[in-house]
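Beneath this line is the structure, given in structure tokens, with notes to follow.
The values are calculated or read from the model by the stated rules, or taken from the named source; none is laboratory data. For clarity, every value in this text was computed on a predicted model and none was experimentally measured. Using ideal geometry, Cβ is built from the backbone for each residue, glycine included, and neighbour counts are taken over all protein chains shown. What goes into the accessible areas is simple: the full protein's heavy atoms, side chains included, and nothing from ligands, DNA or RNA. Shrake-Rupley method; radii C 1.70, N 1.55, O 1.52, S 1.80 Å.
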Amino acid sequence: MEKTALLLLVLGGLRSVVEALDNGLALKPTMGWLHWERFMCNTDCDNDPDNCISERLYMQMADVMVKEGWKEAGYEYVCIDDCWPSHQRDAEGRLQADPQRFPGGIKKLADYVHSKGLKLGIYADVGQTTCARYPGSLGYYETDAQTFADWDVDLLKFDGCFLNWTLLGEGYINMSKALNKTGKSILYSCEWPLYEWPFNRPNYTAIRETCNHWRNYVDVSDSWSSIRTILDWTSSHQDIIVPAAGPGGWNDPDMLVIGNFGLSHDQQESQMALWAIMAAPLLMSNDLRDICPRSKALLQNKHIIAINQDPLGTQGYRTAKSNNFEVWEKPLSNNSLAVAVMNLQDIGGPQKFPVVVIPGWKICDPRCTVTQILPQYKEMGVQTKQSDIALSVNPTGTTLLTITPIKGNFRRAHKLFWKNESVKRDQTNTL
Ligand SMILES: *[C@@H]1O[C@H](CO)[C@@H](O)[C@H](O)[C@H]1NC(C)=O
Ligand SMILES: *[C@@H]1O[C@H](CO)[C@@H](O)[C@H](O)[C@H]1NC(C)=O
Ligand SMILES: *[C@@H]1O[C@H](CO)[C@@H](O)[C@H](O)[C@H]1NC(C)=O
Ligand SMILES: *[C@@H]1O[C@H](CO)[C@@H](O)[C@H](O)[C@H]1NC(C)=O
């Protein structure tokens, strides 16, 4: 009896004790598309009309998202990043879209995106100017929040350039209040901790109360070293950031760059698997009008998306590492566990990894069912804690599994799994 109570306490302590921003949004990690990594600040519509930041780009993405199964897979938000506005505010001090590139204006674009059953995201900045030197929102938070609400925008990405870091907290909180005051629920994506970390340890209690997701670390780029750096940052700060994640508020490791130029297919699988484990927002930045079928199938893989969107809403974390491998695990509803085994060696061929050394494999005492999700879907049937099987993991690739304790042994399995559970577990599990 006392043991059960203790267990519940431990579980309760692990789940987000912290209140999330109460706007009814982001109860699961946000899914959609965001222009930045792929299209950046391309404003040259005369010479590059297909790739410049213009209303056409978002309308075409919205069209493809509906036609090509993206919407059905769960990708919902079509998001504008920097470089959309005019360099001047209008006579009433409101932001306005660049008239050449957005002749219809943002309200019309939102209506178009909504007519497709999708949602529109926009971008602004907490400081003097945006990172690309368009007008910032400092001094205009209420005006800008009301403008976005009037335009029927559904998400705001609020960047953190050009503000003294000592004002970041009040700036982000003021905008959160301004959005609330409009009466329209607008998903609020922040970069507060990213800009605060160089000076000070951010207050994740306050951040979770203020934002629906928050960037912690540098922008992703189209390379494996960028993905590795983001994962390394995340695992080395997991004690601080993982407990802050849960329904209503998520850590945001930045965009999925799958379907671009810089990642091999194995590396694309690693990004998809690990972003699912991290309960990360799945915001693709790629050209959906022209994407290779394998990347498309990976991004639309319903088993991986289900891990990301699992209703328990717990962020996974790294549980073991060696020179060549990392193991990351995410508790799922139904007492299951998602496990990613990543081979960090970028030379040679596939490496064998024995399943019995996966920390969470203890839920297989006495038995469990195992399903491999990546690299191929494969039901591996009933296993035991002594199962003598090894995964074969490609260099820089990831094998993704789900493990479910056999029904009837739930109590024991659950207890075993959670017994040593702590985000600190990593340190005691060097392979
Ligand atoms: C504004 O905040 C209150 C209190 O947290 C909340 O109940 C309400 O739903 C919020 N409204 C919007 C539009 O976010
Ligand atoms: C930021 O604000 C603090 C506190 O007001 C001030 O001491 C500091 O000089 C400011 N930094 C810059 C770069 O303006
Ligand atoms: C936030 O709002 C408070 C109260 O209105 C104000 O005093 C403060 O200057 C604002 N901070 C920023 C950064 O806008
Ligand atoms: C962090 O923010 C919370 C909620 O806003 C506040 O109650 C708490 O005092 C803050 N913690 C620190 C160390 O400033």
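Looking at the range 292-329, which of its residues are of a type in the set (A, V, I, L, M, F, W, C) and surrounded by 18 or more Cβ atoms within 10 Å (Cβ to Cβ)? Spell out the reasoning first.
As a first pass, look at the range 292-329 and keep what is of a type in the set (A, V, I, L, M, F, W, C): 292, 297-299, 304-307, 312, 320, 325, 327-328.
Across the range 292-329, the qualifying residues are L298, L299, I304, I305, I307, A320, F325, V327, W328.
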(request) Would you be able to tell me the number of residues in the range 232-260 that are away from ligand 4 (no atom under 16 Å from the Cβ), more than 21 Å from Y77 (Cα to Cα) and buried (at least 22 other Cβ atoms within 10 Å of the Cβ)? (result) 3
(message) Going through L337, L299 one at a time, which residue ends up being at pLDDT 95 or above, touching a helix residue (DSSP H, G or I) at 6+ places or on another chain (Cβ under 8 Å), outside the structural domain of Q386 (by TED's automatic domain parsing) and aliphatic (A, V, I, L, M)?
(response) L299
(message) What's the total number of residues in the range 40-80 that are within 28 Å of A306 (Cβ to Cβ) and assigned to a loop (DSSP other than H, G, I, E, B)?
(response) 5
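If I filter the range 401-424 down to residues being in a loop (DSSP other than H, G, I, E, B) and open to solvent by 60 Å² or more (accessible area, probe 1.4 Å), which single residue comes out as modelled with the highest pLDDT? Give the derivation first.
Taking the range 401-424 as the starting set, the residues that turn out to be in a loop (DSSP other than H, G, I, E, B) are 406-409, 420-422.
Within this subset, residues satisfying the condition of being open to solvent by 60 Å² or more (accessible area, probe 1.4 Å) are 407-408, 420.
On the way: K407: 69, G408: 55, N420: 37.
Checking each candidate, the answer is K407.
Does at least one position in the range 127-137 carry a residue that is modelled with pLDDT of 95 or more and touching a Lys or Arg at 6+ places or on another chain (Cβ under 8 Å)? Can you show your working first?
We begin by selecting, within the range 127-137, every residue modelled with pLDDT of 95 or more; these are 127-137.
When the remaining residues are screened for being touching a Lys or Arg at 6+ places or on another chain (Cβ under 8 Å), the result is 135.
Scanning the range 127-137, I find at least one residue that is modelled with pLDDT of 95 or more and touching a Lys or Arg at 6+ places or on another chain (Cβ under 8 Å), so the answer is yes.
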(message) Going through A73, A124, A132 one at a time, which residue ends up being small (G, A, S) and surrounded by 20 or more Cβ atoms within 10 Å (Cβ to Cβ)?
(response) A124
(message) Quick test of your reading of the structure: F102 fulfils all but one of (1) under 24 Å from V64 (Cβ atoms); (2) aromatic (F, W, Y); (3) within 16 Å of ligand 2 (Cβ to nearest atom). Name the failing condition by number.
(response) (3)
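Can you say whether D111 is touching a residue at least 12 places away in the same chain (Cβ under 8 Å) and part of a loop (DSSP other than H, G, I, E, B), as far as the supplied structure shows? Show your work before the answer.
Numbers: touching a residue at least 12 places away in the same chain (Cβ under 8 Å): yes; part of a loop (DSSP other than H, G, I, E, B): no.
So D111 fails the test.
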(message) Checking the conditions here, which among Y195, Y204 is more than 16 Å from ligand 4 (Cβ to nearest atom) and in contact with a strand residue (DSSP E or B) (Cβ under 9 Å, 6 or more places away or on another chain)?
(response) Y195
(request) Quick one: which strands (runs of 3 or more DSSP E) lie wholly within the range 265-365 and hold at least 1 residues that are of a type in the set (S, T, N, Q) and farther than 23 Å from I406 by Cα? (result) 337-343, 351-354
(message) Can you tell me which of (1) crowded, with 17+ Cβ neighbours inside 10 Å; (2) away from ligand 4 (no atom under 15 Å from the Cβ) is the one N174 doesn't meet?
(response) (2)
(message) Looking only at the range 367-400, count every residue that is exposed (fewer than 15 other Cβ atoms within 10 Å of the Cβ) and of a type outside the set (S, T, N, Q) and tell me the total.
(response) 8
